[in-house]
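Asks: Quick one: the structure is below, questions incoming.
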């Protein structure tokens, strides 16, 4: 089932998420709905707060954005109760966007590598290192479960430039190619 994506201004996007228990009701269904929602919206990642859930789960599929000869370097994974253990490597800047902040993109600097501990959809404990675009998408989605948005990492000039667009999103004055749920203002 395709779910609406909560947009900028919704309080759930600014809350630190709660851990998920192994017996979480309908977890498999939630994960399936997240995949459907993300693909329909043409995203590469989706975190639970973006669908109104205050729980520590996000999904990532970078395979779809990799060049043909590098597809095997991409990942398609579910991250539950994730904790970033380490960020390292040279910081690099890349233009990011977010399904919860339609039509706004900006250059964000992030570390090149990340070590993350999480459980997968079978609740198997994992500790893995990612780099490059995989690390970037993971860090972006991890920020969501920590109550942070990529726009908070933009420079002061860019922040000023997007204020009007952010106001329009908050007030529901935008159109997206996917189901969205606006904050009540």
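The values are calculated or read from the model by the stated rules, or taken from the named source; none is laboratory data. All figures in this text were calculated on a predicted structure; none of them were measured in a lab. Cβ atoms come from the backbone with ideal geometry, glycine included; neighbour counts cover every protein chain shown.
Asks: Of all residues in the range 38-67, which are part of a helix (DSSP H, G or I) and over 12 Å from residue 6 (Cα atoms)?
Replies: The answer is 38, 39, 40, 63, 64, 65.
Asks: All but one of (1) under 24 Å from residue 126 (Cα atoms); (2) at pLDDT 95 or above hold for residue 74, so report the exception by its number.
Replies: (2)
Asks: How many residues are in contact with a strand residue (DSSP E or B) (Cβ under 8 Å, 6 or more places away or on another chain) and without any contact (Cβ under 8 Å) to a residue 60 or more places away in the chain if we restrict to the range 57-67?
Replies: Here the count works out to 2.
Asks: Of the conditions (1) more than 30 Å from residue 156 (Cβ to Cβ); (2) out of contact with any helix residue (DSSP H, G or I) (no Cβ under 6 Å at 6 or more places or on another chain); (3) not in a strand (DSSP E or B), residue 71 fails just one. Which one is it?
Replies: (2)
Asks: Answer yes or no: is there a residue in the range 20-27 that is farther than 16 Å from residue 143 by Cβ, at pLDDT 95 or above, in a helix (DSSP H, G or I) and more than 16 Å from the chain's Cα centre (by Cα).
Replies: yes
Asks: Now a separate question. Please specify each residue of the range 74-91 satisfying the condition of being outside any strand (DSSP E or B), touching a helix residue (DSSP H, G or I) at 6+ places or on another chain (Cβ under 6 Å) and free of Cβ contacts under 8 Å to residues at least 60 places away in the same chain.
Replies: Of everything in the range 74-91, just one residue is outside any strand (DSSP E or B), touching a helix residue (DSSP H, G or I) at 6+ places or on another chain (Cβ under 6 Å) and free of Cβ contacts under 8 Å to residues at least 60 places away in the same chain, namely 75.
Asks: Please return the ranges of helices (runs of 4 or more DSSP H) entirely within the range 122-185 where 1 or more residues are surrounded by fewer than 15 Cβ atoms within 10 Å (Cβ to Cβ) and without any contact (Cβ under 8 Å) to a residue 12 or more places away in the chain.
Replies: Per the criteria, 156-161, 163-170.
Asks: Provide a single number: the residues in the range 96-115 that are outside any strand (DSSP E or B) and surrounded by 17 or more Cβ atoms within 10 Å (Cβ to Cβ).
Replies: 3
Asks: Can you tell me which residue in the range 62-71 is modelled with the lowest pLDDT, limited to those that are surrounded by fewer than 19 Cβ atoms within 10 Å (Cβ to Cβ) and either within 29 Å of residue 26 (Cα to Cα) or under 16 Å from the mean Cα position of the chain (by Cα) (or both)?
Replies: 65
Asks: Within the range 35-56, is there a residue that is touching a helix residue (DSSP H, G or I) at 6+ places or on another chain (Cβ under 7 Å), without any contact (Cβ under 8 Å) to a residue 60 or more places away in the chain and surrounded by fewer than 17 Cβ atoms within 10 Å (Cβ to Cβ)?
Replies: Within the range 35-56, one or more residues are touching a helix residue (DSSP H, G or I) at 6+ places or on another chain (Cβ under 7 Å), without any contact (Cβ under 8 Å) to a residue 60 or more places away in the chain and surrounded by fewer than 17 Cβ atoms within 10 Å (Cβ to Cβ).
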